[in-house]
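What follows is one structure encoded as structure tokens, with my remarks underneath.
Any read-out appearing in this document is the output of simple, stated calculations on the displayed coordinates, not a laboratory observation. What you are looking at is a predicted structure, and each value in this text was computed from that prediction instead of being measured. In this analysis, Cβ positions are derived from the backbone assuming ideal geometry, glycine residues included, and neighbour counts consider all displayed protein chains.
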Amino acid sequence: MNNKKTFLLGVVLGIVIMLVGISGYNTLDRQMRWGGGMNPNSKIREIYSLLDRHSIMPFEKDVLLEYMYRGFLAGVGDPYTQYLDLEALHAFHVRTEGQFVGIGVRVVADPEDRTVTIAAVFQDTPAAEAGLLPGDKIVAVDGTDVVGRLSAEVIGMIQGREGTSVEITIFRPYENERFDVDIIRAVVEVPTIFHKVIETEAGLAGYIRIEAFERPTLSQFEEALDELNSHGVTGIVLDVRNNPGGLLDVVGRITDLLIPEGIITFTEDVNGNRHYIRADEEYLGLPMVVLMNAFSASASEVLGGAIQDTGAGTIVGEQSFGKGIVQNLLYLSDGTAIKLTVSKYFTPSGTSIHGIGIVPDVVVEMDDSLTRRIGNLPMDEDVQLQEAIRVLQKQAR
């Protein structure tokens, strides 16, 4: 092993010496000329000139520029600030509109290991049939390593023409297993709302699981609420576990249906300007419990924070993710865009939960192996939902 380390060190030193021999000409003179700094445009041209003259590796200028834009924004140190090329921007819009050709998963970026991680697997989709699970990490697409790439870029690689095949390489952390799976792309109608009636000792309870706050979610939620009300439910369980968030205006309009008149949330930008989202006087007025866990983020926390602060319901489960910042798309003149963190949001009481999360009123922990199966988990195994029903029954009496 020591011999290998010595050999590797020798190789690295050899490369460094060769680089110095090629590019180290007049280094001191150049540093003195630029006073320790260079005009960025001049520096890029100089780097490109050296690359063009000396690199034995093939490259494309347009690709270099795309990576430069990404790297420039990566310097902010915010995993949510990203450059979106035309392909990634298209994938972003398709995803928020609720229909696309792909495999049927919702993903989030994991800033700790720089992987794209599956947050939800839609029912009756190619991904569900292939056995993919929340928590699985996508590490390669069609043999191309995607660790460290933007989630929008990975989504663009996965999506394609209906009926074509894509090879996904998955790392499943809790089994320490890496495997490949071939999946046939299909048109995926994104269901963001699932609901049912649950019989309890105190009467009928309505259950609504919200998987994301996308453009179709509001109408789907209203339809679910109307149907549950038609059954005469005496309380509602809202399940935003494993919900990574979504559109602020959508969660604002849904929360407006659930809480009394007042502040839902407010945002504050870099200049201290505040924008308030408010609820009107009309609201559901039924006992309510919100289920949250460590994968409940962003818009999910807007809903949970508003319900908790206004006393409209009880939070049950685990401490939420803690993403209390808002991103906007800002378009560039060539049609590309940057997704930029532009403000923080606050709960009605003025609390910022960024990096902290929402602490539930009733803490109920659940094993990771069960958490990954939320949405396909039988009620007798779902200890958090069982507790939510018990809390709801107490409120309904």
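Can you give the FRET efficiency for Thr336 and Glu97, using 1/(1 + (r/R0)^6), R0 = 22 Å, r = Cβ-Cβ distance, to the nearest 0.05? Mind showing how you got there, number by number?
Working: r = 19 Å, r/R0 = 0.85.
Efficiency computed from Cβ-Cβ geometry: 0.70.
Where a ≥ b ≥ c are the square roots of the eigenvalues of the C-alpha gyration tensor, would you call the stretch 125-196 rounded, which needs a/c under 1.5, or, failing that, prolate if a/b is larger than b/c, or oblate? Intermediate results must be reported in sequence, preceding the final value.
Numbers: a/c = 1.58, a/b = 1.20, b/c = 1.32.
Judged from the Cα gyration tensor, the stretch 125-196 comes out oblate (a/c at least 1.5, b/c at or above a/b).
Could you give the length gained by full extension between Val359 and Phe179, i.e. 0.36 nm per residue of separation minus their alpha carbon distance, to one decimal place?
Values: separation 180, 0.36 × 180 = 64.80 nm, distance 3.62 nm.
Result: 61.2 nm gained on full extension.
Which of Arg172, Arg53, Arg185 has the fewest other C-beta atoms within 10 Å, and how do the rest follow up to the most?
Values: Arg172 16, Arg53 8, Arg185 20.
Listed from fewest to most nearby Cβ atoms, that is Arg53, Arg172, Arg185.
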So the angle from the long Cα axis of helix 2-23 to the longest Cα principal axis of the chain, reported in degrees to the nearest 10, equals 70
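In the neighborhood of Ala186, defined by Cβ-to-Cβ distances under 15 Å, what is the net charge if each Lys or Arg adds +1 and each Asp or Glu adds -1?
On the way: positive: Arg161, Arg185; negative: Asp124, Glu129, Glu162, Asp182, Glu189.
Residues near Ala186 contribute -3 overall.
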For the stretch 254-394, averaging the sequence separation of alpha carbon pairs under 8 Å that lie six or more residues apart and dividing by its residue count, the contact order in percent is 24
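Determine, for the chain, the count of lysine pairs separated by eight or more sequence positions (or lying on different chains) whose alpha-carbon distance falls under 21 Å. Don't jump to the answer; show the numbers that get you there.
Values: Lys43/Lys61; Lys137/Lys323; Lys196/Lys394; Lys323/Lys339; Lys323/Lys344.
Number of lysine pairs found: 5.
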With Cα springs under 10 Å, the Gaussian network model of the chain assigns the largest mean-square fluctuation among Asp309, Asp113, Asp180 to Asp113
Ranked from fewest to most other Cβ atoms within 10 Å of their own Cβ, Thr347, Thr144 fall in the order Thr144, Thr347
For the stretch 126-142, Karplus-derived ³J(HN,Hα) couplings (6.51, -1.76, 1.60; θ = phi - 60°; whole Hz; x for glycine and proline) come out as x, 5, 5, 5, 7, x, 5, 9, x, x, 5, 10, 7, 10, 7, 10, 6
Taking Cα atoms only, helix 86-97 is inclined relative to the longest principal axis of the chain by an angle, in degrees rounded to 10, of 0
log10 I(q)/I(0) for the chain, Debye formula on C-alpha points only (no solvent), q = 0.08, 0.10, 0.14 Å⁻¹, two decimals, reads -0.52, -0.76, -1.26
Computed over the chain, the relative contact order (Cα-Cα under 8 Å, seq sep at least six) in percent reads 12
Contour minus Cα-Cα span, Ile47 to Glu282, at 0.36 nm per residue, comes to 78.4 nm
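Restricting to DSSP H runs of at least four residues, report the calculated mean residue ellipticity at 222 nm for the chain, -39500 (n - 2.57) per run over all residues, nearest 500 deg cm²/dmol. Don't jump to the answer; show the numbers that get you there.
On the way: 12 runs with 136 residues, N = 397.
Result for the chain, helices only: -10500 deg cm²/dmol.
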Shape call for the stretch 171-274, from the Cα gyration tensor axes a ≥ b ≥ c (a/c under 1.5 means rounded, otherwise prolate when a/b beats b/c, else oblate), comes out oblate
Toy charge model, Lys and Arg Cβ at +1, Asp and Glu Cβ at -1: the stretch 195-247 dipole around Cα centroid in debye, rounded to 20, equals 180
Karplus-derived 3J(HN,Hα) from phi for the stretch 379-390 (6.51 cos²θ - 1.76 cosθ + 1.60, θ = phi - 60°), whole Hz, x at Gly and Pro, runs 4, 6, 9, 8, 5, 6, 5, 4, 5, 4, 5, 4
